[in-house]
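Working notes, beginning with the structure itself.
The values are calculated or read from the model by the stated rules, or taken from the named source; none is laboratory data. Only a predicted model underlies this, so the values are computations on that prediction, with no experimental measurement involved. Cβ coordinates were reconstructed from backbone atoms using ideal geometry, including for glycine residues, and neighbour counts include every protein chain displayed. We work out accessible area using only protein heavy atoms, side chains counted, and drop any ligands, DNA or RNA first. Shrake-Rupley method; radii C 1.70, N 1.55, O 1.52, S 1.80 Å.
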Amino acid sequence: QVQLVESGGGLVQPGGSLRLSCTASGRTTWINVMGWYRQAPGKQRELVATIMSGGNTNYADSVKGRFSISRDNTQTTVFLSMNSLKPEDTAVYYCNTKTRLGANYWGQGTQVTVSS
């Protein structure tokens with residue numbers, strides 16, 4: 001089992017920045033991919049960004065050039081740096097990890113609201 005705990009959400013004005021963190025615990029040696037997804041009201045959950053254990057990253061087109069995903073040296077904490085935030089970035093952001101055994105784990109979610 002892997003447990004994920006997110007932090008860093010909040011209210012920010014358009015054009016502002018936020019940094020989300022997600023720390024994994026439990027059987028972290030099984031972790032292969034860590035990433036962030038988001039779900040806005042009335043919409044399906046969508047991919048924001050992922051980072052592989054080897055460091056390869058992937059971003060949704062809507063956040064390329066504005067968001068950056070990274071991991072710490074222990075590879076148990078993943079960060080999402082969000083710049084030039086727009087109202088359409090408003091959503092609940094969920095941390096996700098996929099293990100080498102194919103299991104999928106989610107955090108509880110953290111609210112990001114972009115509004116003036």
- prompt: Taking the Cβ-Cβ separation of Asn32 and Gln111 as r and a Förster radius of 35 Å, what is the calculated FRET efficiency to the nearest 0.05?
  reply: 0.80
- prompt: Across all directions of projection, what mean area in square nanometres is found for the Cα convex hull of region 40-87?
  reply: 4.1 nm²
Extended-chain gain in nm, criterion 0.36 nm per residue less alpha-carbon gap, Asn104 and Gln39: 21.7 nm
- request: Give me the accessible area per residue for the chain, probe 1.4 Å, as a whole number in Å².
  value: 52 Å²
Simple spin-label estimate for Glu88 and Ser7 in nanometres, 7 Å along Cα-Cβ: 3.2 nm
- prompt: Based on the Cβ-Cβ distance from Arg19 to Ser53, what FRET efficiency comes out when R0 is 30 Å, to the nearest 0.05?
  reply: 0.90
field: Positive minus negative residues near Leu20 (Lys, Arg vs Asp, Glu; Cβ under 15 Å)
entry: +1
- prompt: Taking every eigenvalue of the Cα gyration tensor of region 1-44, multiplying by 5 and rooting it, what semi-axes result, largest first, whole Å?
  reply: 26, 14, 9
- request: List the aspartates and glutamates whose Cα lies under 18 Å from the Cα of Lys98, skipping any in the same chain that are fewer than 8 positions away.
  value: Glu6, Glu46, Asp72
For region 34-116, the Rg and Dmax computed from alpha carbons only, in angstrom: 12.8, 44
- prompt: Evaluated at 10 °C with a viscosity of 1.306 mPa s, what Stokes-Einstein diffusion coefficient in µm²/s does region 21-65 have when Rh comes from the Kirkwood expression over alpha-carbon pairs?
  reply: 132 µm²/s
- line: Percent antiparallel among DSSP beta bridges confined to the chain, nearest 5, equals 95 percent
query: In the chain, carbon and sulfur make up what percent of the accessible area (probe 1.4 Å)?
result: 47 percent
